[in-house]
Amino acid sequence: MSIALTARDLFVAEGHTAVTVERICEIVGINPRTFHRHFPVKEDVLMPLLRRSERVILQGLEDAPDDADPVEVLTAALTTELNRRQVPEYDHQIMTLIVNTPQYRLRFVEWCEGLSDAVTRFLARYYELDPDPFLRELPALLVIQTMRHALIRWVQSGESDDFGDIERWDSQGLRLALSGLTRLPK
C-alpha cells in the first residue's frame, strides 16, 4: 500500500501522472524490479487504493438491513471512503488526474465495472430482477455508471469544497436509474 500511497501523493504534488517509476521507488526505498513485481505497468499503481475503496463499498452493501432504502444504502456506500477521509481538495485533485489521464481513467472504469456482481447481489435483495443475465446485470451497471458520472461531474465542476454534490447526484441518479424496478415486499 505504501507504494500506491506514495505514487498518489507524488501525482497530486506534481499535478500530473508523469512521475517516473524510479522516483516512486527512490522515495519508497525499493528498486524498480520490486515495483514491477507488484505492478506490471505504472498505471496499475493506484489499484490498491481502488481495491481498498471497493472493500468499503462492498461492506456497506453487505451490512445494509433488509428494510433499508436501497438508494440511501448505495449512496452512502459509494461515498463512504470520501466522507471518511474528509479531504475534498486533495481527493478532487487525484480524481481530476484519474479522469483526465486516459490510462488511469481506463483503470478506474475497469475497476468500477468489477463492482457489477456485488451490486447485482445487493439489488436482488430489494428488487425483482429479471432472470435474463443481461437484464439482471443492467441495473447494477446503471448504478455504477451513475457513480462514475457523479465523480466525473464533480471533477469537471471545479468545485471541491465537500462531497455533498456527489451524494446528491448519486441519490438523484440512482432513483432515476432504479425507478423502473419493482421493489420486493418488505
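If only one of T75, T80 is closer than 17 Å to D170 by Cα and within 11 Å of the chain's Cα centre (by Cα), which one is it?
Values: T75 fails: within 11 Å of the chain's Cα centre (by Cα).
Exactly one residue qualifies, and that residue is T80.
Residues of the stretch 1-49 that are assigned to a loop (DSSP other than H, G, I, E, B), more than 15 Å from L97 (Cα to Cα) and of a type in the set (V, I, T): T20, I30, V41.
Take the conditions (1) without any contact (Cβ under 8 Å) to a residue 24 or more places away in the chain; (2) closer than 20 Å to S171 by Cα; (3) in a loop (DSSP other than H, G, I, E, B); (4) not polar (S, T, N, Q); A64 misses just one of them, which is (1). Residues in the stretch 132-155 that are farther than 18 Å from T79 by Cα and not aromatic (F, W, Y): D132, P133, L135, R136, E137, L138, P139.
Pick from the stretch 124-171 the residues that are hydroxyl-bearing (S, T, Y) and not in a helix (DSSP H, G or I): which of them is surrounded by the fewest Cβ atoms within 10 Å (Cβ to Cβ)? If we take residues in the stretch 124-171 being hydroxyl-bearing (S, T, Y) and not in a helix (DSSP H, G or I), then Y127 is surrounded by the fewest Cβ atoms within 10 Å (Cβ to Cβ).
Listed here are the residues, each with its yes/no results for (1) in contact with a Gly (Cβ under 6 Å, 6 or more places away or on another chain); (2) under 25 Å from D165 (Cα atoms); (3) modelled with pLDDT of 95 or more; (4) surrounded by 15 or more Cβ atoms within 10 Å (Cβ to Cβ).
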{"site": "I30", "(1), (2), (3), (4)": "no, no, yes, yes"}
{"site": "E54", "(1), (2), (3), (4)": "no, yes, no, yes"}
{"site": "D66", "(1), (2), (3), (4)": "no, no, no, no"}
{"site": "Q86", "(1), (2), (3), (4)": "no, yes, no, no"}
{"site": "D91", "(1), (2), (3), (4)": "no, yes, no, yes"}
{"site": "T96", "(1), (2), (3), (4)": "no, yes, no, yes"}
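Collect the residues in the stretch 47-68 that are in contact with a Ser or Thr (Cβ under 9 Å, 6 or more places away or on another chain) and of a type outside the set (S, T, Y), keeping them in residue-number order. Please lay out each step first, then the result.
Pass one, the stretch 47-68, residues in contact with a Ser or Thr (Cβ under 9 Å, 6 or more places away or on another chain): 53, 56-57, 59-60.
Residues satisfying the conditions are V56, I57, Q59, G60.
Entry remark, the stretch 98-123: residues being touching a helix residue (DSSP H, G or I) at 6+ places or on another chain (Cβ under 7 Å), assigned to a helix (DSSP H, G or I) and of a type outside the set (V, I, T) number 12 in total.
For the stretch 9-22, a tally of residues being free of Cβ contacts under 8 Å to residues at least 24 places away in the same chain and either assigned by TED's automatic domain parsing to the domain that holds R107 or surrounded by 14 or more Cβ atoms within 10 Å (Cβ to Cβ) (or both) returns 4. Listed conditions (1) modelled with pLDDT of 95 or more; (2) within 16 Å of the chain's Cα centre (by Cα) are all met by Y126, apart from (2).
The values are calculated or read from the model by the stated rules, or taken from the named source; none is laboratory data. Just so you know, these numbers come straight off a predicted model, no measurement behind them. So basically every Cβ, Gly included, is an ideal-geometry build from the backbone, and we count neighbours across all protein chains shown.
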